[in-house]
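Enquirer: Submitted below is the structure of interest, expressed as structure tokens.
The values are calculated or read from the model by the stated rules, or taken from the named source; none is laboratory data. Values in this document were obtained by computation on a predicted structure and should not be read as measured data. Every residue, glycine as well, gets a Cβ built from its backbone with ideal geometry; the counts of neighbours run over all protein chains shown. Ligands, DNA and RNA are stripped out before the accessible areas are found, and what is left, the full protein with its side chains, is counted by its heavy atoms. Shrake-Rupley method; radii C 1.70, N 1.55, O 1.52, S 1.80 Å.
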Amino acid sequence: MRCSGPHAPSRWSPRSIFDQSHNTGCTARTIPEAKDRKVLELLRHAPRPFILYVTKRSDAKRWIRLLRSEGYARIDCFHGETAHADRLRIIAQWSEGRLDGIVATSAFGVGIDKRDVRTVIHAAVPETLDRFYQEVGRGGRDGCPSASFLIYSREDQETANKIASPSLISDDLAFERWSTMYGHSAPLDTIGQLLEVDLAVVPPRLRRQSDYNQSWNMRTLIMMARAGMLKLESQPPSRIAQQEEESESAFELRSDEHWSEYFQRTVVGMSEFGHLSRERFEALIGEERQRSFDAATENRALLDKLLSGSTEVSLLLDHLYRSNAPGRSVIVSRACGGCPTHRREGTANTDYPAPPAYGIEQVGQFDLSLFSGRFPQLDLNEPIILPVEDPVDDAVLFGLLRDFVAMFGVREIAISALFRQRNPALSLLHKQSEDHVLLMQTLEEEMLRPSSYELPRVTLWTDEIGTPLPKHLFIMKRPLHVIIASASTPDSWNFARRIGDIGTNVLAVDQFSLGARL
């Protein structure tokens, strides 16, 4: 059956199969031994590559041992305790097609876009409907059909119910953690309303810093934010660029250390002036705790309906994802190709409206002080021309784009389709940005669908040697717009001269490279 809820018309919805061993209509609870046999039988016939999802790390380790004993060689295991080096190796092998399958917990998948996953198997009950839908969505991202299977035992369902209960910090320890963080915070304004908080500080009753301690400090701040006591703010980190003689591995190591130190701190804006009153603090946190429990109870109820087959899956997903909150509305389009409910009723509704697509409503402010400080002679209110001499070297161009993204906050790049095809490494360029966000569009696509997002932008006009720049590039509204063009490109208003000779708002390559490494 196929049932997808919020529908993405650009790709097939994964086809989901629920175990029906006992003719319950949608799902069936089986004993653990029978479940293992069913999963093994399924893997003998399931299309590859596959992901086998479990909930506990111990289950992931058990399944990888079992599958290897059954002769599966091109597989690996990924869970919360997987070492960093092993994670990088597994992700690389998985992305390059050198693995047929992954045994994983929910730690695997986020940020990993493998488009040709053919089968997703759940040998456990996900603790939430959201997790199930997200993990099923790993399959079929290339637009081709994929299959989803959920096979579970009563023990799995009990485990899911335990995990689904929110882990909430007690009132007294939450106050103790906040008091410690506040006592070690640094004010960022004159009235002490904006604070930089060190997440590594340890409350008096604990002995040493750990990832566990840092995680609970962050959870405390999130709960306070939800209770309206503070707002989680951000402070842009200092940017670093790869040095000329620095190897790729050395730069990645230095970058990891830089980001690790950055994420150890966060900025909060205080909204509740009674935050140091234990009575007031515990009253607000208590209200938020009750809301969290109510939300968890509702989520468990949706998951129970999924497992029972009593409600069409798209209805459950509609209930889960639809939001009418002001400024945060989410409109979904229900789509079902034959779920257990429809099969039982002998009906199917394959007609669905395309979901409405809304653009980005609001773009935040960008800090361009570093760029303007390094190049004070340039006017950011006008396009900046960066001419490159012929013949143009793709490696040089890619290096320029990388520095613009990593150092100067560029979040939009327009390039030719030919340049994009020649440089597959562009697909990883977003990782150089501080928030891993980068919009990329070809100039050919832009002719059909012009971009209007007011983001710092670089336009690469180097594959059109001898062709003037389109005039619309000069009237785009952008906080920063740099046009990299061949030095032989004619001036769009005076074909008798080159664009690099116009003399105003021109940035030389050598000058930019020096400014990016000061």
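Enquirer: Percent of Cα-Cα pairs more than 38 Å apart in the chain, please.
Expert: Here the long-distance tail beyond 38 Å is 43 percent of all Cα pairs in the chain.
Enquirer: Under a Cβ-Cβ cut-off of 12 Å, what is the net charge of the residues other than Trp63 that fall near it, where Lys and Arg count +1 and Asp and Glu count -1?
Expert: +3
Enquirer: If you don't mind, another one. What spacing in nm lies between the two simple spin-label points modelled at His258 and His472, each 7 Å away from Cα in the Cβ direction?
Expert: Simple spin-label model gives 3.6 nm for this pair.
Enquirer: Can you send over the carbon and sulfur percentage of the accessible area for region 133-284, probe radius 1.4 Å, protein chains only?
Expert: Answer for region 133-284: carbon and sulfur cover 49 percent of the accessible area.
Enquirer: What's the extension gain from Ser492 to Ser234 if we count 0.36 nm per residue and subtract their Cα-Cα distance?
Expert: Net length gain for the segment: 88.8 nm.
Enquirer: Can you give me the orientation-averaged projected area of the convex hull built on the Cα atoms of region 391-518, in nm²?
Expert: That works out to 7.9 nm².
Enquirer: OK, next. Over the Cα atoms, compute the radius of gyration (one decimal) and Dmax (the largest Cα-Cα distance, rounded to a whole number) for region 291-335, in Å.
Expert: Values for region 291-335 (Cα only, Rg and Dmax): 11.8, 35 Å.
Enquirer: Could you pull the Cα extents of region 60-106 along its three principal axes, largest to smallest, in whole Å?
Expert: Between the extreme Cα coordinates on each principal axis of region 60-106 lie 26, 23, 16 Å.
Enquirer: Could you tell me the calculated FRET efficiency between Leu276 and Glu298, based on Cβ-Cβ distance and R0 = 45 angstrom, to the nearest 0.05?
Expert: 0.85
Enquirer: Further question on the same structure: Test of the criteria: in region 30-121, which GluC sites (Glu not before Pro) are in a DSSP loop and have at most 15 other Cβ atoms within 10 angstrom of their Cβ?
Expert: Here the GluC sites (Glu not before Pro) that fit, given the DSSP loop and packing criteria, are Glu70, Glu81, Glu96.
Enquirer: Continuing with this model, one more query. Shape call for region 229-303 from the C-alpha gyration tensor, a ≥ b ≥ c root eigenvalues: rounded (a/c under 1.5), prolate (a/b greater than b/c) or oblate?
Expert: Judged from the Cα gyration tensor, region 229-303 comes out oblate (a/c at least 1.5, b/c at or above a/b).
Enquirer: So if we plug the beta-carbon distance of Asp367 and Glu246 into 1/(1 + (r/R0)^6) with R0 = 35 Å, what FRET efficiency do we get, rounded to 0.05?
Expert: 0.90
Enquirer: So with the 1.4 Å probe, I'd like the accessible area per residue for the chain, rounded to whole Å².
Expert: That works out to 52 Å² per residue.
Enquirer: I'd like the accessible area for His430: 1.4 Å probe, protein heavy atoms, all chains in place, Å² to the nearest 10.
Expert: We get 60 Å² for His430.
Enquirer: How much of the accessible area of region 59-132, probe 1.4 Å, is carbon plus sulfur, in whole percent?
Expert: Solvent-exposed carbon and sulfur of region 59-132 make up 49 percent of the total.
Enquirer: Which three lengths, in whole Å and largest first, does region 247-349 cover when its Cα atoms are put on their principal axes?
Expert: So the three principal-axis extents are 58, 55, 27 Å.
Enquirer: Return the loop-located GluC sites (Glu not before Pro) in region 254-297 (DSSP other than H, G, I, E, B) with at most 15 other Cβ atoms within 10 Å of their own Cβ; answer none if there are none.
Expert: Passing sites in region 254-297 are Glu272.
Enquirer: Oh, and also: Volume per residue, Å³, of the convex hull around the alpha-carbon atoms of region 209-257?
Expert: 105
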